[in-house]
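Below: one structure, written as structure tokens.
The values are calculated or read from the model by the stated rules, or taken from the named source; none is laboratory data. Since we're looking at a predicted model, the values are computed, not measured. Every residue, glycine among them, receives a Cβ derived from its backbone with ideal geometry; neighbour counts consider all protein chains shown. In case anyone asks, the SASA skips ligands and DNA or RNA and just uses the protein heavy atoms, side chains included. Shrake-Rupley method; radii C 1.70, N 1.55, O 1.52, S 1.80 Å.
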Amino acid sequence: AKRRALESRGAVVRALPALASGRVSLHRVLRALAAEGVNRVLVEGGSMVAGEFLREGLVDRLHLFVAPKAIGRGKDLFEGLGGVPIERALRLSIEGTRRAGEDLEIRLVRRG
């Protein structure tokens, strides 16, 4: 029913087999998209999805948005990434910054 509802609104839905964890392999998702001619993907799925993409080495560029609000303790920025030793940290360079309304956008690109 969900698939039909999405397709009735013009979405293209592709089913991929799940891993033992119940999740779908991100590498398989990206290969399937590439087979359809997609070579750029915007990932906006929250800290768990972002952490998975980072852990799998599938990130070339990050756009971080910082809001000028202090709310105390929150979620990890990249939940699921875990504590990566500094020698295995993803190396990034700051490409630029800009204001986005009240927020600050920091554009980072992968080094190497």
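Annotations for the structure displayed:
- Search result, residues across the stretch 1-55 that are among the acidic types (Asp, Glu), part of a helix (DSSP H, G or I) and open to solvent by 50 Å² or more (accessible area, probe 1.4 Å): 7
- Any hit, the stretch 82-90, residues being at pLDDT 85 or above and in a loop (DSSP other than H, G, I, E, B): no
- In the stretch 56-74, of all residues being free of Cβ contacts under 8 Å to residues at least 24 places away in the same chain and of a type in the set (D, E, K, R), the one that is surrounded by the fewest Cβ atoms within 10 Å (Cβ to Cβ) corresponds to 73.
- Residue list for the stretch 21-54, filter: among the charged types (D, E, K, R) and more than 30 Å from residue 102 (Cα to Cα): 23, 28, 31, 36
- The stretch 85-112: number of residues that are open to solvent by less than 60 Å² (accessible area, probe 1.4 Å), within 19 Å of the chain's Cα centre (by Cα) and in contact (Cβ under 8 Å) with a residue 12 or more places away in the chain: 7
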